[in-house]
Amino acid sequence: MPPLRGPASGVWGRLRPADVDPLEVYGLPSKGETRLSDFKTQERFYGKIVERYLQFCTEAKGRDGLLQRFASLELRDHAVVEPAPAWRVTAGSTPRGSTSAAATSDSVVVVVPTPESAAALAAASRDLSMVLAALRKLREAIVATGRIDDFATQVYLFCIRLAILAKHHQSYHPAILHLLRSIHRYRPLNSAELHEVVTYRVLDAACRRGDLAEAYHLRCLYKLRNATVEAVLRALAQDDWIALQRLIGTGNGSGRGACADGHQIKLLEHAVHHMRVHTLKSFGRAYLQLEDVGFLEASTGLGWAELQKQYNVGWERNGKAVVIRKVQPKGAVPAATAK
């Protein structure tokens, strides 16, 4: 029988192997992946995740760049705009696109991102999403193998802290529940770790999910004593926007207030929208006209343009004044009823 025509078998061995990202080698255990069942494989995979995250932080080149990279993931999850819109930032503000509380519309500087910076942020957002996806694979493998040890605790703490900074509740909320309900039951956390995780769970219930009853219940259940948590629950129960601003660090007072932890601030930011809406409704009920729009901007933490765009504020501007409601004279007859 004549030999088959074609290249020799050795030729195929000279082909370049596929370039696969180390974080994408494994699939989800819930979808049938079994290679992560080995404990040593889990530890090596975690080492690659930490290495990628350290590279992500190094490329940020400072605190502001790192915050901007975390914000890029949050913005991409909410809406994708092409091309990237202009960012409105002020001196001393965070790189999240909003003005500071004391800033007015006259002090806003419009910064248009270049194609290079937009592409860099998009790449950073993909890297962060890949790290979070890899952590999900590792967490599923830990649950599937029933692993409860120091390594499992370390992985879950790392995942919770990273996901909170990225405001990715799909990652940190189930991780908090499994850490407290399963791992802590058989391998108790130390006092500092337990205090940290319980604080995150209480703040998430109060700020993101808006369930104050559950937040108070969890505080009593775990006997949590934390000045920041007490101040947050009090501010939310009383709809005290000024107190919440001081805790986040955007108030007019000196210092950052009682909440100096960046992870806690990220959780508190979930309550900003509700509290700002309540503040705008209070202005609408209490005032007919504001003499200075800067007072409204400082009270809400947003400029006039952002209030109109994000909250559909229908009030009118008259120079620096803001007309909230127009009162007709007592003797005036509406045109619709006049004969």
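The values are calculated or read from the model by the stated rules, or taken from the named source; none is laboratory data. Keep in mind it's a predicted model, so treat the numbers as computed, not measured. Don't worry about glycine lacking a Cβ; one is built from the backbone with ideal geometry, like all the others, and counts go over all protein chains shown.
Residues in segment 316-338 that are part of a loop (DSSP other than H, G, I, E, B) and either touching a helix residue (DSSP H, G or I) at 6+ places or on another chain (Cβ under 8 Å) or modelled with pLDDT of 90 or more (or both): Lys320, Ile324, Arg325.
The residues of segment 219-262 that are under 19 Å from His273 (Cβ atoms), in a loop (DSSP other than H, G, I, E, B) and modelled with pLDDT under 90, listed by number, are Gly249, Thr250, Gly251, Cys259.
Considering segment 283-314, and only residues there that are within 22 Å of Ala271 (Cβ to Cβ) and outside any helix (DSSP H, G or I), the residue that is farthest from the chain's Cα centre (by Cα) turns out to be Val313.
Please name all residue pairs, on different chains or six or more residues apart, with Cβ atoms under 6 Å, provided the first residue is in segment 291-314 and is among the β-branched types (Val, Ile, Thr) and the second residue is assigned to a helix (DSSP H, G or I). Every condition considered, the pairs that remain are Val293/Trp304; Thr300/Arg276; Thr300/Thr279; Val313/Leu307. Between Ala235, Ala206, Ala227, Ala213, the distinction of being surrounded by 15 or more Cβ atoms within 10 Å (Cβ to Cβ) and without any contact (Cβ under 8 Å) to a residue 60 or more places away in the chain belongs to Ala235 only.
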